[in-house]
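Read the structure below first, then the notes.
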Amino acid sequence: MYTNLNDVIPSSRPNERALKDVLIVGGGTAGWMTAAALSRCLPHGQRIRLVESDQISTIGVGEATIPSIRAFNQLLNLDEDEFIRQTQATFKLGIEFVNWGKPGDSYIHGFGQIGRDQVVAKFYQYWLKMYQAGKAPDLEAFSINTVAPRQGKFMRPPKDMPNSPLSDISYAFHFDAGLYARYLRGIAESQGVVRTEGRIVEVQTHEQSGHITALRMENGELLDADFFIDCSGLAGLLIEKTLRTGYEDWSHYLPADSAIAVPCVSSETLLPYTRSTAHQAGWQWRIPLQHRTGNGHVFCSKFMSADEAQAILMKNLDGEALAEPRLIRFTTGKRQRAWNKNCVAIGLSGGFMEPLESTSIHMIQTAIMRLLSLFPDQGFNQVDIDTYNAQNDEEYLRIRDFLIMHYKLNQHEGDPFWKYCRDMEVPKEVQHRIDLYRSHGRIFRLGEELFADASWLQVMHGQGLRAGSYHPLVDQRSEEDIAYFLAQVQKTIQKCVDVMPTHAEFIAATCAAEKVDFGGAQPRRYGT
């Protein structure tokens, strides 16, 4: 992830071929993240405009993130505590998966590392040998990002304890996506972005090149630009309805095609993780914010009606619903090309990956950073466009495969949806990962894919996949030595968690939004 502006900001030297006008279509999270980043990074003199209509609502359910969001916020020079207050955010250490392997199961996919890797082999291989012999506890005992959330604990990693498990704490956020967009809008407008409110009634294109040239608004105003960024959501107003780019449908691998979303009153315990609970034909998300809890039920309409899905969701809320449930239809997949001619699709206009691993906002972020690194001039060099699309496709494919793994590795009996997922033929890369782990517990990361070995391990093990053996090189150490090593790691992690504050206490002490009561949590300060 880029953290140095020199890595992403195009040269500010005068360039007569430089783009003069950039027009973003659509607001919401994708539009205002794009506007804030471009206005921060592009050379002065380039005009950035954003068009959105107050009459068109956004999806607004992307409230859970992964740790990379912190790098994006740092790029914008956001103060983290202020960002949390403005967006009613809470902290996130990982995702709990309930009933996913089989009913009654629960595991946490935590951020960060597991144990301490050794010179000869990764930590989990030593654990695997002892676990297979019945001489080690489950995997969750060896990561502070899985032990702490089970006990409702949180703190930021201290800067002065580099050798402590506390320094391994990796975190993201749950936040109100609407408030985040509003917050970024203020930043973008302060940096010169001009917002136009209204509905687009016509998209004009060049007769020979096919490039987009202008947008005609409902009031008759004509907005022209050199470069257009489509953040219009599932509608794909520019990338699809205008440029007819095409869509790659992945619903045969990820068959869920609907979601019902509703906020509710917060529960008494403010947990530092997202929860995903498997149901008969899909799964339910639970995302705790400071002022409410976000909920949704993702399901497959071929196996369950919307009425039935809504009934399941409403029955399993923490408290009273705060709005009417909202139905969202989608097709998992991606555009054939995210960048077509002089238009780039960012966010849902570029594709849809269900929110199972909280990747939606991350994919907006990486699309923005990729665009900055390959930012065009008026020549729109095709090799730049092709490189962008190739990198985009690779990211989508690897995230898709990780999501497929969750569904493929289930042991639900009697549910047709889960039987379909268990029996479906998966991409060869997914099957290879399963076979490789089943042999000797081996996991290899492909290129620069998002999810690291620890993530694949936690999901495969949590879903019930078991390795037949372990890496032979761990036999270099005796069982007694390995047992002592594992025990020390487990003990050290637990001692660190014991001194951590609760999630609610930490927020109350550092970044609580106004008018939010955390049950009398004391105003102590933790971490740095």
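Each reported figure results from applying straightforward, stated rules to the coordinates on display, with no laboratory input. The model shown is predicted, which means the values in this text are computed figures rather than measured ones. Glycine gets a Cβ as well: all are built from the backbone with ideal geometry, and neighbour counts include every protein chain shown.
Quick notes
- Nearby lysines by direct alpha-carbon distance to Lys419 (threshold 28 angstrom, same-chain neighbours under 8 apart not counted): Lys102, Lys302, Lys315, Lys334, Lys408, Lys428
- Taken over the range 248-319, the ratio of Cα radius of gyration to 2.2 N^0.38 Å equals 1.17.
- At R0 = 30 Å, FRET efficiency that the Cβ-Cβ distance of Leu436 and Ser478 yields, to 0.05: 0.65
- Of all beta bridges that DSSP places with both ends in the chain, some 70 percent have antiparallel geometry.
- Placing +1 on the Cβ of every Lys and Arg and -1 on the Cβ of every Asp and Glu, with no other charges, gives the range 235-386 a dipole of roughly 220 debye about its Cα centre.
- Farthest towards the positive end of the charge dipole of the chain, among the residues Ile328, Ser301, Met161, is the Cα of Met161, using unit charges on the Cβ of Lys, Arg, Asp and Glu.
- Point-charge dipole on Cβ atoms (K/R +1, D/E -1) for the chain, about Cα centre, debye to 20: 680
- Between 0 and 90°, nearest 10: helix 177-190 axis offset from the chain longest Cα axis: 50
- Its Cα centre serving as origin, the range 304-376 has a Cβ charge dipole (Lys and Arg +1, Asp and Glu -1) of approximately 700 debye.
- Listed residue (Ser478, His461, Gln494) projecting farthest to the positive dipole end of the range 448-495, Cβ model: Gln494
- Stretching Asp249 away from Lys20 to a fully extended chain increases their span by 78.9 nm, per 0.36 nm per residue minus the current alpha-carbon distance.
- Estimated from the Cβ-Cβ distance and a Förster radius of 30 angstrom, the FRET efficiency linking Arg182 and Ala321 is about 0.85.
- The trypsin sites (Lys or Arg not before Pro) of the range 90-177 that meet both conditions, a loop assignment by DSSP and at most 10 other Cβ atoms within 10 Å of the site Cβ, are Lys159.
- Over the chain, dividing the summed -39,500 (n - 2.57) contributions of all DSSP H runs of at least 4 residues by the number of residues returns a 222 nm mean residue ellipticity of -10000 deg cm²/dmol.
- The label point for Glu197 and the one for Glu308, both projected 7 Å from the Cα toward the Cβ, are 4.4 nm apart.
- A dipole drawn for the chain from +1 and -1 charges on Cβ atoms has a positive end, and of Asn410, Leu215, Ile361 the residue lying farthest that way is Asn410.
- Radius 13 Å from Cβ of Asp54, net charge of other residues (Lys, Arg +1; Asp, Glu -1): +1
- The value of relative contact order for the chain, using C-alpha pairs under 8 Å at least six residues apart, is 22 percent.
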